[in-house]
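To start, the structure under review is shown below, and the notes come after it.
Read the figures in this text as sums done on the coordinates, not as results from a lab. This structure is a prediction, so every number in the text was calculated from the model and none was measured. Here Cβ is always computed from backbone atoms with ideal geometry, including for glycine, and neighbour counts include all displayed protein chains.
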Amino acid sequence: MSYGSMIKVPFGPQHPALKEPEHFLFEIDGDIIVNVKPRIGYNHRGIEKAFERRTYIQNIYLAERICGICSDAHTTCYTQAIEELLDVEVPPRARYIRVIVAELERIHSHSLWLGIAAHEIGFDTLFMHLWRDREAVMDVLELVSGNRVHYAMNTIGGVRREIASEIIPKIIGSLDFLEKRTKYYMKVLRSEQTVLKRTVDIGVLKPEDAVELCAVGPTLRASGVKNDVRRDDPYAAYDEIPFNIVTDDGCDVFSRILVRCGEILESINMIRYALDHMPSGMLRVRVPMAVKPGEAVSRVEAPRGELIHYVKSNGSTRPERYKVRSPTLANIPALCKMLIGQHVADIPIILAGIDPCFACMDRLVFVDVKTNKKKALDFESFRKIVRKQRELL
Amino acid sequence: MNLLKWARTKSPWILHFNTGGCNGCDIELLAAFTPRFDVERFGILLQGSPRHADILAVTGPVTLQVRERLIRIYEQMPEPKYVLAVGSCACSGAPFKDCYNVIGGVDKVLPVDVYVPGCPPKPEAIIDGVVKLIQKIEEEKIDEKGR
Ligand code: SF4
C-alpha cells in the first residue's frame, strides 16, 4: 500500500447524507477506503452532568430529550433504573402500555430509517412513499400521547396516560394499514434492481466480527446473531408477549433492511396482542421524591439496539452520577470495520446502515482511532486529563 | 417587486443544520418535506450545500464544538441570507441551557429572522414559520445594491 497515492476525504460535519453534525475522515486509495477516522462530539451537550443537577422527576424530561427518535426507550430505561433503586413494582397495565408505546416507536423509527436508506441509494420515490405511510404511526402516537415525537408517557412508577378503549379500533386500523404496506414494500425491495444492486454484499459484517466488535441491535441481528434484550433480559411486559427475533444471514446492508422490515411486522403483532391482553388496573404507583442510596443498571432494546443506563444515588433527590451507553456508540467500531475496503460511493448507505443516532451517542467517550477499539477511561484517569487541561488554561 | 426578489420569495432553498439537538426537530423538519405536508408546493427545496441556500434552518442548541462550523456555514451562504430557528432549543437552548457544553440559542451566534418554538414544533408550525419568513422577505425594502 503506497501512501503516496492516498487521498484524505473529509465527510461532515455538515453533509447532506447526515442529518446530524458528525465528522469522518476517510483515507482512500483510488476509490477504495483504507482507513476511517471518526471524529465524534459535535453533538456533545453535557447531558450526564445536567442529570446531576436536576431532580429525579425533572430528569425524566431530560432523558426523553437525549434523542428524539428513541425518546421512549430512554425514558423507559431511566425510569426502570430508578424503580429498581426504589424497589417499586410497576402495575401490570402500565407495563403493557410501555410495551405498546415502545413498539409503536420502533415502527416509526424503522420506517423512518427505511426512508433514509432509500434516499441514500438515490431511490427518492420510495423515500417519499415510506414517509407518507409513516404518518399513520405518527398519528397513532399523537392519539395515544398527544405529541408526535416526545411522548412523555413514562414516569417513575408507571405511565402517565391511559390508552382509552375508544381509540383502540383506530390503532388497530392503522396497524392493519401499516402491515399491508410493509408487506408490499418487502416485496418491492426484494425484486427491485435499484435496491439490490446498491445493497447486496455492501458493508459486510461477518458474525464473528459483529460479536467481537460488540455490535448491537438490528446491525448485529442482520449478521445472523440472535440477540435481543427483550428476550434475553425481559423488562416491562415482554416476558408475557410472544414474539420472534428477526435475523438474517446476509450480513450486508440488504439484510439490515430485511431485518428492520421484519421487525416492523413483529412489532405490529406484538401491539395487537398487547391491546388484546391488556390487564385492567392502576397506571402508576406513587413514589417518594428522594431515592435511597445505591446503584442500578437498566437495559432496554431501543430501536437501534441495546441501550444501557446507569445511576448512582446518594440518598438525595438528585442522582450523584448518571451514565448512558447508547446503541450507536456500540456500533461505531463495527461501522469502521464495514467501511474498510468499500467504494467511496457506498459510504452514505453503509453509514446509514447502522441507523446512526449521534444525538444519543455524543457523550464522553474516547475512541482509539488506530485500533478502532473503544477505550473506556475510568474516573481517575479522566480526572487526570481534566486537571491537566485546566492547568494548561 | 423586482425580479430578484420575486425569484427569492417564490423559491427559497433551505439548508438544514443540526447544531446539537436531540433529533426530534430534525425529523419533524424532514417530515415537512414529505408528501403529507409537502412544503415543496411553495417552491421550497431542501438543499445540501450552503452555497446554494437562501435559508439556514437550525435545529438544536449551539454546542461549543459546533459553533465554528455554524459560523463557517453561514458565511458560505450567498447574500441575502436568512436564519430560521426551529425548536425551543434553537430559540433559547431550552432544556440544555445550563449544560456546560452549550452556548444557548442560535441567536447567541447568528442573527435569527424567525423563531419556531415547540419541542419539537409540529411540521405545520414549521411551515407557518417558513411562510412568515417569506412574508418578511417580501416586505423588505430593496436597497440600491438590489438586495
Ligand atoms: S426543541 Fe425539543 S425536539 Fe427540538 S432539538 Fe430541542 S429537545 Fe429536541
For this session: Quick one: which residues, 5 or more positions from B:L56 or on another chain, have an amide H under 5 Å from its amide H? H modelled 1.01 Å from N in the peptide plane, none for Pro or chain starts.
Result: B:L15, B:Y82, B:V83, B:L84
Exercise. When the C-alpha atoms of segment A:47-327 are aligned to their principal axes, what extent does each axis show, in angstrom, from largest down?
Worked result: 59, 47, 30
For this session: State the dimensionless ratio Rg/Rh of segment A:256-335 (Rg: radius of gyration of Cα atoms; Rh: Kirkwood radius).
Result: 1.11
Problem set entry | Gyration tensor verdict on segment A:102-168 (Cα atoms; rounded if a/c is under 1.5, prolate if a/b is larger than b/c, oblate otherwise) | prolate
Exercise. Which value, in debye to the nearest 20, describes the size of the charge dipole of the protein assembly as shown about its Cα centre when Lys and Arg Cβ atoms bear +1, Asp and Glu Cβ atoms bear -1, and nothing else is charged?
Worked result: 1160
For this session: Output the antiparallel fraction of DSSP beta bridges having both residues in the protein assembly as shown, as a percent to the nearest 5.
Result: 70
Problem set entry | Karplus (6.51, -1.76, 1.60) ³J(HN,Hα), θ = phi - 60°, over segment A:240-252, in Hz, Gly and Pro reported as x | 9, 9, x, 7, 9, 8, 7, 10, 8, 9, x, 6, 10
Exercise. What helices does chain B have that are whole DSSP H segments, at least 27 Å long along their own axis by Cα, and with mean Kyte-Doolittle hydropathy of 1.6 or more?
Worked result: none
Seminar exercise, completed: Once normalised by the length of segment B:3-139, the mean sequence separation of its alpha carbon contacts under 8 Å that are 6 or more apart gives a contact order in percent of 27
Seminar exercise, completed: Around A:P293 (Cβ within 10 Å, Cβ-to-Cβ, excluding A:P293; K/R +1, D/E -1) the net charge comes to 0
Exercise. Of B:Q65, B:F37, B:G87, which is farthest along the charge dipole of segment B:3-139 in the positive direction, counting Lys and Arg as +1 and Asp and Glu as -1 at C-beta?
Worked result: B:Q65
Seminar exercise, completed: Exposure-ranked with fewest Cβ neighbours within 10 Å first, B:I27, B:I44 stand as B:I44, B:I27
Seminar exercise, completed: Ranked output for segments A:335-342, B:56-63 by mean other Cβ atoms within 10 Å, highest leading, reads B:56-63, A:335-342
For this session: Provide the per-residue ³J(HN,Hα) series for segment A:291-304, in order, calculated from phi with Karplus coefficients 6.51, -1.76, 1.60 and θ = phi - 60°, each as a whole number of Hz, with x at glycine and proline positions.
Result: 10, 5, x, x, 10, 8, 10, 10, 10, 9, 8, 6, x, 8
Seminar exercise, completed: Binned at 5 Å starting from 0, the alpha-carbon pair-distance distribution of segment B:3-139 in whole percents comes out as 2, 11, 22, 25, 21, 12, 5, 1, 0, 0
Seminar exercise, completed: segment B:17-37 and segment A:73-130 have their Cα centres apart by a whole-number Å value of 17
For this session: Per residue of segment A:263-268, in order, report the coupling 6.51 cos²θ - 1.76 cosθ + 1.60 (Karplus, θ = phi - 60°) as ³J(HN,Hα) in whole Hz, putting x for Gly and Pro.
Result: 5, 4, 4, 4, 4, 4
Problem set entry | Average silhouette area of the protein assembly as shown, convex hull of alpha-carbon atoms, in square nanometres | 26.8
For this session: Give the dimensionless ratio obtained when the Cα radius of gyration of segment B:31-85 is divided by 2.2 N^0.38 Å.
Result: 1.26
Problem set entry | Simple Cβ-charge dipole of chain B, Lys/Arg +1 and Asp/Glu -1, about Cα centre, in debye nearest 20 | 180
Seminar exercise, completed: Per its Cα gyration tensor (rounded if a/c is under 1.5, else prolate when a/b beats b/c, else oblate), segment A:181-227 is best filed as oblate
Problem set entry | Extension gain, A:D139 back to A:R160 (0.36 nm per residue minus Cα-Cα distance, nm) | 5.7 nm
Exercise. Rounded to the nearest 0.05, what FRET efficiency is calculated for A:A345 and A:E320 with R0 set to 45 Å and r the Cβ-Cβ distance?
Worked result: 0.40
